[in-house]
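The next block holds one structure in the form of structure tokens; read it before the comments.
The values are calculated or read from the model by the stated rules, or taken from the named source; none is laboratory data. Model, not experiment: these values are computed from the prediction. A quick note on method: Cβ atoms are made from the backbone with ideal geometry, for glycine too, and the neighbour counts reach across all protein chains shown. Surface accessibility is based on the protein's heavy atoms, side chains included, excluding ligands, DNA and RNA. Shrake-Rupley method; radii C 1.70, N 1.55, O 1.52, S 1.80 Å.
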Amino acid sequence: MNRKWFQLWNIGRLRGKLLDVLSLGKTMLLLAGGSLVFFMLLGAGGLAGTKLSSSPVPSMKGLAASLSSGFFMELLGMEVPHLPKGEEPSAFSAPKVTSFVFRMLTSVDPGNPKSLLSREVPGLAADDPFLLREGSGGTAGAPADYHPGTDELAGGDGDDPGTADPGSGAAANPDTDKPADDPAVQPQPTTAPDKSNSAGQGNSGGAGREEGAAEDTSIKRVLVYHSHPREAYNPLLGAESDNPSSASPSKNVLLVGSYITDRLEQRGIGTVHAKDDYATEVPDYNWNFSYKYSRITIKAAMAANQEMTELIDIHRDSQRHGKTTAVIDGKSYAQVYFILGHANKDWKQNEAFANSIHQLLEKNYPGLSRGIWGKSSGNGNNGEYNQSLSPNSVLIEVGGIDNSAEELKRTADVLADAIADVYWDSHDAEKAAAPEKSTGSEN
């Protein structure tokens, strides 16, 4: 019996099976080891890429960045029945879900045919704006770049630059006889506004710091400037153009800058409004150097005002009225875009500043903001929009080519109130965090 049992064990067969198991184990071990090395190298490459480039493109251009918080709230709501629902319309409409699934599966935006070509043509999508934070004003269309008119490229005068600026109450008179070795004009502060003429059609809810503002506004803390000062508005020109351009401060973005400046002064924040018309003032003017010219303006203003920390570059979008306008409580407003520069290594600080303003607009005037967008270098900019000069620096596009003076004024007041609220909140927080000064008295 024992002999039969022993014969059941085929030593050769067992040895073969053992070798097969060892061979398979060796193969699996090699695959596991290779996978481990691959993912370690992949992770190391990702970390190296993050260290070498702090641009928002690789870190914030993912799918999740393009989705609103409301979308995720609705996803959670499917599993948590009693989760509070917001007042926003559902994100799960058929067109939105279809567009989302199609974009997730193909990386092609159905609303933007260029996204299909950009995958096949190298470099086509390199300079595309990308959404960082969604705004309730809609994100179907990215901000459209401005390109100068013939007069601006040539450095001509365009419309009469001596036209009075109704927003600041002062006449703009660029010095065309400036010496050739002076490439930029020093920014001039606007005069303190008449409080009896306070507009305030919109108020973000912060009316503090308004009383006794005159004694504080002597210290200039905010710079409002324009890298593309000739971006104009058709209703102000009385024209119909796809690319309105003007040197007149009452017909271009300088008007919006004046509205914002006056409102900030009313809120007790000293503000400088730089009204430089570079096409007129800079010898051998080249529009592609716009941000180099405005950089000189910024540095001059900051050198003359040691307390200056907030830098607001006001532009105008190049889209038509239907894409740049919102009706809120029965009133029409020019919508705004916030722009961050791809090449600014400290973009996260600037994004926090822009988001503070954006969130106030979202809270008090839903529909006004079209979100925070990232843009890379392209014609007429240096890739970082001079935002490396201050963490509290942002480019804001106010309205489009068809927005009226009334729409621009309403938005400028609301935007300035949001900027003022952010400034005072930060200022009060800094004062609260500062150590108390010793009085030197003895008990």
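What shape does the range 219-259 have by the C-alpha gyration tensor, where a ≥ b ≥ c are the square roots of the eigenvalues, rounded means a/c under 1.5, and otherwise prolate means a/b greater than b/c and oblate the rest?
Since a/c reaches 1.5 and a/b is larger than b/c, the shape of the range 219-259 is classed as prolate.
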**Prompt:** When only the heavy atoms of the protein chains count and the probe is 1.4 Å, how do R13, R370 rank by accessible area, highest first?
**Reply:** R13, R370
**Request:** State the three equivalent ellipsoid semi-axes of the range 318-366, derived from the C-alpha gyration tensor as the square roots of 5 times its eigenvalues, in descending order and whole Å.
**Result:** 26, 15, 4
**Request:** With label points built 7 Å along Cα→Cβ from the Cα atoms of A239 and L31, find their separation and express it in nm.
**Result:** 6.9
**Relative contact order [Cα under 8 Å, 6+ residues apart], the range 292-391, whole percent** = 30
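Of the cross-linked pairs K292/K409; K363/K409; K220/K363; K331/K363; K299/K375; K251/K348, which ones have a Cα-Cα span greater than 26 Å in the structure shown?
Beyond 26 Å between Cα atoms: K292/K409; K220/K363; K251/K348.
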**Prompt:** Does the range 343-403 come out rounded, prolate or oblate by the C-alpha gyration tensor, with a ≥ b ≥ c the root eigenvalues, rounded set by a/c under 1.5 and, if not, prolate when a/b is larger than b/c and oblate if not?
**Reply:** oblate
**Complete:** Within the range 274-311, DSSP-loop GluC sites (Glu not before Pro) with at most 12 other C-beta atoms within 10 Å are E307
**Under-5 Å amide H pairs with D277, H placed in peptide plane, nonlocal only** = none
**Cα-Cα P(r), the range 281-419, percent of pairs per 10 Å interval** = 12, 39, 35, 13, 1
**Item:** Quarter of the Cα convex hull surface for the range 243-310, i.e. its orientation-mean projected area (nm²)
**Value:** 5.5
